[in-house]
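**Student:** Here it is, the structure, as structure tokens.
The values are calculated or read from the model by the stated rules, or taken from the named source; none is laboratory data. Owing to the predicted nature of the structure, the values given are computational and were not obtained by experimental measurement. Ideal geometry is used to build each Cβ from the backbone, glycine not excepted, and the neighbour counts take in all protein chains shown. In case anyone asks, the SASA skips ligands and DNA or RNA and just uses the protein heavy atoms, side chains included. Shrake-Rupley method; radii C 1.70, N 1.55, O 1.52, S 1.80 Å.
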Amino acid sequence: MRRLFPATDETAAPDSGGMPGEDVREGAGREWSLAELAAAYAYPEVGPGGPLPWLRANMVSTLDGAAQHDGRSQPISSATDMRIFGTLRALADIVVVGAQTVRQEGYRPARARAEFAGMREAAGQSPAPAIAVVSASLDLDFALPLFTSPLVPTLILTGASAAPDRVAAAEKAGARVVTAGDGIGVDPARAVQALAGLGYTRLLTEGGPRLLGQLVAAGVLDELCLTVSPMLTAGGAQRIAGGPAVTVPQRFRLVSMLEEDGFLFTRYGRS
């Protein structure tokens, strides 16, 4: 793996965790260690006022804009993409995911990784990140391991109008239900603040496209880690973000980009 466009003092987003001034040749022709990846994707350092929530998205897209193939992201991914996927999870306090993605991708609880145990302990984090499922209806299979055997209890973000019987079923299964909206759905800004209030400030979302579109439209996304897969799929697959268009396109800044075997691993932050 090699860094094509290393972050510099001029191009790195403020406190973005980029590696200012890194030699472009460093890392060429060899696989980066997990420690190097963790340093490259570090969350912003805590300021004098304490930790602020930082919401990062991690997605993959083909050259022609498909976020999935046959309904899943795995066919357009790669082994290195999955290493970065695991590293981003290891850095996060919590992973926020849409209910449809839980159903389609067969989501399981995040696992503890021995390689990151010391880093997480030093950061005051639990052994593995929690998973937070965004669901208005709570139409979820609470017999899944995500709810029955997580290392850290799974959260469900929903609205105040969620059906009481579904809330009760979720809580009986061991999930923590968090209200983040006055109606049926979830307000993205309230969800971020609710999670921060519970001590989850290093936030990661893995989509899917509908959820990411809602986060973009609400203006709460701070960073996008996008893997560009050197594949073409055509067809009618979703883009990485769906839903209504924003009124004015939001400009993000390239923080860093890595390349391996034609895959580009990009990182963009707010301008």
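**Student:** Counting Lys and Arg as +1 and Asp and Glu as -1, what is the net charge of the other residues whose Cβ lies under 14 Å from the Cβ of residue 164? Display every interim value, and only then the final one.
**Tutor:** Numbers: positive: 166, 172; negative: 165, 171.
Local charge sum for residue 164: 0.
**Student:** Net charge near residue 105, counting Lys/Arg +1 and Asp/Glu -1 over other residues with Cβ under 14 Å of its Cβ? Before the final figure, lay out each step's value.
**Tutor:** Working: positive: 72, 89, 103, 108, 210; negative: 70, 141, 206.
Charge balance in the 14 Å sphere: +2.
**Student:** Still on this model: Compute the helix-to-body angle for 209-218: its Cα long axis versus the longest principal axis of the chain, expressed 0 to 90° and rounded to tens.
**Tutor:** Helix 209-218 sits at roughly 90 degrees to that axis.
**Student:** What are the ³J(HN,Hα) values, in whole Hz, obtained from phi via the Karplus relation 6.51 cos²θ - 1.76 cosθ + 1.60 with θ = phi - 60°, for each residue of the range 231-238 in sequence order, with x given for Gly and Pro?
**Tutor:** Along the range 231-238, the couplings run 10, 10, 10, 6, x, x, 4, 5 Hz.
**Student:** Taking θ = phi - 60°, what integer Hz values does the Karplus form 6.51 cos²θ - 1.76 cosθ + 1.60 yield along the range 247-264, in sequence order, with x for Gly and Pro?
**Tutor:** Residue by residue, the range 247-264 yields 5, 10, x, 8, 8, 10, 10, 5, 8, 7, 8, 10, 9, 7, 6, x, 7, 10 Hz.
**Student:** Taking the 0 to 90 degree range and rounding to the nearest ten, how far is the long axis of helix 79-91 tilted relative to the main principal axis of the chain, both from C-alpha atoms?
**Tutor:** Orientation of helix 79-91: about 60 degrees from the principal axis.
**Student:** Apply the Karplus parameterisation 6.51 cos²θ - 1.76 cosθ + 1.60, with θ equal to phi minus 60°, to every residue of the range 180-194 and state each ³J(HN,Hα) to the nearest whole Hz, in sequence, with x for glycine and proline.
**Tutor:** 9, x, 7, x, 6, x, 9, 8, x, 5, 5, 5, 4, 5, 5
**Student:** While we're here: Rounded, prolate or oblate, given the Cα gyration tensor of the chain, with a/c below 1.5 counting as rounded?
**Tutor:** Values: a/c = 1.57, a/b = 1.39, b/c = 1.13.
Prolate is the answer for the chain, as a/c is 1.5 or above and a/b outweighs b/c.
**Student:** So how do 255-261, 102-108 stack up, highest first, on mean other-Cβ count within 10 Å?
**Tutor:** Working: 255-261: 19.1, 102-108: 16.1.
Highest to lowest by the protection proxy: 255-261, 102-108.
**Student:** When a/c reaches 1.5 or more, the comparison of a/b and b/c decides; with that in mind, is the range 97-171 rounded, prolate or oblate per its Cα gyration tensor? Present the calculation step by step, with values, prior to reporting the outcome.
**Tutor:** Numbers: a/c = 2.53, a/b = 2.05, b/c = 1.24.
Cα axes put the range 97-171 in the prolate bin.
**Student:** When the dipole is taken about the Cα centre of the chain, and only Lys, Arg (+1) and Asp, Glu (-1) are charged at their Cβ, what size is it in debye, to the nearest 20? Show your work: numbers first, answer last.
**Tutor:** Working: 24 positive and 28 negative charges, 86 e Å.
Charge dipole of the chain: 420 debye, to the nearest 20.
**Student:** Tell me, what % of the accessible area of the range 79-183 is carbon and sulfur with a 1.4 angstrom probe?
**Tutor:** On the way: 2430 of 4540 Å².
Percent of accessible area from carbon and sulfur atoms in the range 79-183: 53.
**Student:** Of 48, 94, 34, whose Cα points farthest to the positive end of the dipole of the range 28-111 (charges on the beta-carbon: +1 Lys, Arg; -1 Asp, Glu; origin at the Cα centre)?
**Tutor:** 94
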